[in-house]
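Here the structure comes first, spelled out in structure tokens, and everything after it is commentary.
The numbers here are math on the coordinates, done by the rules we state, and not lab data. Here the structure is a predicted model, which means the values were calculated and not measured. Note that each Cβ is placed from the backbone with ideal geometry, even for glycine, and that neighbours are counted across all protein chains shown.
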């Protein structure tokens, strides 16, 4: 009896039992809440797409309305623009084809969702690309849990704006300071004290861009990459 | 000699002021500094922390006789992490903008010493009634602390309270107060005030005791 009590199982049975019960509880919560969370994330993506492809200034102060796959933007001056967002089959977490007006309208660009590990946890990004995928139009941080006041600076617009307008013909690199970053048009200046987070963002952008370019050149079944 | 264990009412009252987690024990300072730029995020954090504290205290109290001393911290952490994940997912589902605003601070409740200390001090030693009273009392103490810091910061830094504009927008505000240094200034000043009031009260009690003797 005392042998059983002193064995690993005898010592850890409560922890194993609790782990099983709590695991089942968390699985049930996940099943119940994940559709609603995904819906919230999709609404956020739809809201951010105009800013990513048209530029932050074009949508500053604008009212954005989302109905199904349609995003209507009414600028502060009263001008209105309508975009159609169609999700494409992709190996990326998600890939959206964005056109002006209806789905047959001019292709405005692509927005892809990519993710990888950051310093603390997974970083999820939206990467905007021009219609011909030759240029990055912008990035948006969808989800991150980086170190507060250091790595979480990746969400700031002054860091994200470094990516807008960079050509996609060469992978991005990270410069540890302004001098290093200025040496190449493909170099992004790292956040002070958060080189790992900055590098993770660059890697996610590189991987996502490479994947989107490959998929547009060799589309998957059901892919609608028409110009 | 039997050790006197506080009654549920004593536990409840102690948590609010005499053993206030922030002002008396200096615990839970990370959220106190990080999410008190405005009342709404501060109160959301209080709600999430109270939920985790109440659930963790109750579970720990119910299984207290099964705990092995050298494995108790593991059980506390496992329990706390489960309820923090539930709070985090619930916020992401029903209060998505607030969940984004709070960012990593909700998952960081797992390492909030205030919760693990209540499991260690109270719920692993006393029954569910005392554990529940303790959790509610400490949650109210935490609410008091975060509300006081957030009130000072939001009014001085933004001229509003709970998003309601209290002073005319033309009135000058101290932007510094809603920035990180403002959190240290507000907490330091309120901590000084709380300590001064506590010492004054203590001195009065000793004086009256000396007088009656």
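Worth pointing out:
- MRE, 222 nm, helices only [DSSP H, n ≥ 4, -39500 (n - 2.57), over the protein assembly as shown, to nearest 500]: -17000 deg cm²/dmol
- Summarising the overall dimensions of the range B:73-213 from its C-alpha atoms, the Rg and Dmax are 19.8, 62 angstrom.
- Cα-based shape type of chain A, given that a ≥ b ≥ c are square roots of the gyration tensor eigenvalues and the cut on a/c is 1.5: prolate
- For the peptide B:85-94, the mean number of other protein chain Cβ atoms found within 10 angstrom of a residue's Cβ is 5.
- The order of the peptides A:81-93, A:14-26 by mean Cβ neighbours within 10 Å, most packed first, is A:81-93, A:14-26.
- The range A:119-166 and the range B:85-147: distance between their alpha carbon centers, rounded to Å: 31 Å
- Antiparallel bridges, percent of DSSP beta bridges restricted to chain A (to nearest 5): 95 percent
- Residue-span extension gain [residue A:80 to residue A:170] - 0.36 nm each, minus C-alpha spacing: 28.8 nm
- Per residue of B:67-79, other chain Cβ atoms within 10 Å of the residue Cβ number 2 on average.
- Cα gyration tensor shape for the range B:5-155, rounded if a/c is under 1.5, else prolate or oblate: oblate
- Linear extension gain, residue A:183 paired with residue A:39, 0.36 nm per residue minus alpha-carbon span: 47.6 nm
- Our summary gives chain A a relative contact order of 14 percent, counting only alpha carbon pairs under 8 angstrom and 6 or more residues apart.
- Fewest neighbouring Cβ atoms within 10 Å first, the residues B:30, B:119 line up as B:30, B:119.
- DSSP bridge analysis restricted to the protein assembly as shown gives an antiparallel fraction near 95%, rounded to the nearest 5.
- Inter-chain neighbour count for B:105-116: the average number of beta-carbon atoms from partner chains within 10 Å of each residue's beta-carbon is 1.
- Rounded if a/c under 1.5, otherwise prolate or oblate - the protein assembly as shown, Cα gyration tensor axes: prolate
- The range A:111-227: radius of gyration over Cα atoms, expressed as a fraction of 2.2 N^0.38 Å: 1.06
- Between 0 and 90°, nearest 10: helix A:195-217 axis offset from chain A longest Cα axis: 60 degrees
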